[in-house]
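Notes to accompany the following structure.
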Amino acid sequence: MSDDPRSLVRRSQFPKSESRSLVTPIWPSVAYASESPDALDRLYEGKESGYTYAREGHPNAKILAAKIDWLEGANGGLITGSGMAAVSAAFLGALKAGDHVVAGDQLYGRSLRLLRHDLPRLGITADLADPTDARAFEAAIRPETRAILVEVVSNPTLRIADMAAIVDIARRHGVLLMVDNTFTTPRGFQPLAKGADIVIHSLTKLLAGHSDVLLGYVAARDPELQAMIVDAAVTWGLAPSPYECWLAERGLYSFDLRHQRAQENAAKLADHLAGLDGVAKVLYPGRQDHPDHNRARAVLGDNFGNMVSFRLNGGRESANALTRAAPHIAFAPTLGDIGTTLSHPASSSHRALTAKQREDIGITEGFFRISVGIEDIDQLKAEFAKAIEASNR
Ligand SMILES: *Cc1c(COP(=O)(O)O)cnc(C)c1O
């Protein structure tokens with residue numbers, strides 16, 4: 001029996017129990033009550049651990065962060081309300097007006113927008129450079145450059161950044177190296193162990209894995225820098241929801257299994273696509289014919305990932321026919337879901353570019369990016385064979 005509630009308004013105590021919940025509880029509370037002003041002092045001074053207000057932290061975020069910290073070899077990582085909130089928190093915490101950023105030229109679309117349009121309004125400027133070309137990348141560094149932002153695998157052409165050279169460039173110029181590790185996951189690449197200063201994730205993608213939460217993560221190696229990032233995130237209001245943290249934690253339980261299966265499927269599907277009529281080119285870092293295959297092996301080991309891109313011989317008409325003939329493969333702008341999803345950069349992520357700019361980086365109207373899921377591989381092969389055959393008609 002629980003205590004006599006005495007009032008409908010007063011909150012009840014958790015009933016006494018000899019046994020405990022197998023599953024992580026959800027703590028939706030925005031505010032946390034303390035015993036006294038002295039107790040609150042101890043909390044704010046870091047002498048006791050606890051919570052005050054959910055924008056500053058809550059148990060579900062802490063539990064989730066500890067798991068990703070473990071995966072990334074980080075300490076005190078921060079969960080944010082989205083991947084973009086994590087990218088924003090890193091910049092807002094680490095940079096000030098007058099600083100300059102050198103960033104990869106094929107980053108996630110919104111990160112590019114942040115660098116081109118939003119940070120300049122705060123007096124932070126950026127130049128974009130090709131991270132597969134160490135010389136071009138270093139040439140973009142200026143005296144006022146304070147940070148580098150790269151993704152290991154570019155979107156959607158799946159080129160592999162020259163990470164060893166970029167780590168070296170960052171160190172020699174005394175510049176913070178930020179790595180968005182969303183595509184590679186900590187199983188493919190561990191930025192902090194390889195010499196980066198800050199690791200960023202969109203947990204929305206492979207780590208949570210079920211397309212039902214929007215969350216991010218950011219961790220800096222230096223605790224002082226991490227404290228500045230956390231402060232910025234709390235002030236700018238980039239906090240995550242307890243419900244979403246709880247769902248993401250549940251997603252993580254199966255991450256390794258999903259990741260292995262999706263990666264195996266991707267390698268098999270890439271080879272299958274390469275043998276189909278109507279497919280002009282398949283891009284998969286694990287294939288010998290990938291332009292950065294050797295570097296992929298050096299940077300990622302055997303973890304070539306779950307992303308495969310391909311180019312049809314045909315144009316927009318063929319692309320339309322393909323998605324229509326594959327109704328069970330979601331044509332949707334995301335990646336890392338348990339199910340296979342298809343995206344068409346020319347009409348989505350890269351629509352702001354001119355056709356010429358797209359062609360320069362190999363993105364034609366017949367170009368697709370696949371985020372390979374964990375379905376039965378024979379079913380996937382059959383569905384793609386049928387869709388590509390339809391695109392040839
Ligand atoms: C999706 C994505 C983001 C943004 O994450 P959201 O959770 O959608 O805000 C950032 N970087 C990369 C590489 C992504 O794929």
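Just a few scattered comments:
- Note on GLU249: accessible area is roughly 10 Å² with a 1.4 Å probe, heavy atoms of protein only.
- As a length-normalised measure over Cα pairs under 8 Å and 6 or more apart, the relative contact order of the range 58-252 settles at 31 percent.
- Relative contact order (percent, whole number), the chain, Cα cutoff 8 Å, 6+ residue spacing: 16
- Summed side-chain charge close to VAL153 - residues other than VAL153 whose Cβ falls under 15 Å, Lys, Arg +1, Asp, Glu -1: +1
- Rounded if a/c under 1.5, otherwise prolate or oblate - the range 17-133, Cα gyration tensor axes: prolate
- Most mobile of MET163, MET84, MET228 in a GNM of the chain (Cα contacts under 10 Å): MET228
- Taking a straight Cα-Cα cut-off under 20 Å and skipping sequence neighbours fewer than 8 places away in the same chain, the lysines within cross-link reach of LYS356 are LYS281.
- Model label points for LYS62 and ARG316, set 7 angstrom from Cα along the Cα-to-Cβ axis, are 5.4 nm apart.
- Per-residue SASA entry for VAL153, accessible area with 1.4 Å probe, Å² rounded to 10: 10
- Low-density loop cleavage sites - GluC sites (Glu not before Pro) in the range 1-97, where at most 11 other Cβ are within 10 Å (DSSP): GLU18, GLU35, GLU45
- Stretching GLU18 away from HIS293 to a fully extended chain increases their span by 93.4 nm, per 0.36 nm per residue minus the current alpha-carbon distance.
- The range 293-393 - share of DSSP beta bridges that are antiparallel (%, nearest 5): 80
- Theoretical gain in end-to-end length, SER348 to ASP271 [0.36 nm per residue, Cα-Cα removed]: 25.1 nm
- Working note: Debye formula, equal point scatterers on the alpha-carbon atoms of the range 255-392, no solvent; log10 I(q)/I(0) at q = 0.13, 0.21 Å⁻¹ is -0.52, -1.36.
- Relative to the globular-protein estimate of 2.2 N^0.38 Å, the Cα radius of gyration of the chain stands at 1.08.
- When the chain is treated as a Gaussian network with alpha carbon springs shorter than 10 Å, the biggest mean-square fluctuation among ASP360, ASP271, ASP212 belongs to ASP360.
- Inter-centroid distance (Cα atoms) of the range 176-211 relative to the range 242-306, Å: 15
- In a fully extended conformation the segment linking GLN379 and ALA31 would gain 120.4 nm over its present Cα-Cα distance, using 0.36 nm per residue.
- The relative contact order of the range 255-392, computed from alpha carbon pairs under 8 Å that lie at least 6 residues apart in sequence, is 32 percent.
- A 1.4 Å probe run over the protein chains yields, for the chain, 49 Å² of accessible area per residue, whole-number rounding.
- For the chain, calculated [θ]222 nm from helices alone, where every DSSP H run of n ≥ 4 adds -39500 (n - 2.57): -11000 deg cm²/dmol
- Apportionment of accessible area to carbon and sulfur, the chain, percent (1.4 Å): 51
- Put simply, when 26-33, 89-96, 344-351, 262-269 are sorted by average Cβ atoms within 10 angstrom per residue, most first, you get 89-96, 262-269, 344-351, 26-33.
The values are calculated or read from the model by the stated rules, or taken from the named source; none is laboratory data. Bear in mind the structure is a predicted one, so any value in this text is a computation, not a measurement. We place every Cβ from the backbone using ideal geometry, glycine too, and count neighbours over all the protein chains shown. Heads up: the accessible areas ignore ligands, DNA and RNA and are worked out on the full protein's heavy atoms, side chains in. Shrake-Rupley method; radii C 1.70, N 1.55, O 1.52, S 1.80 Å.
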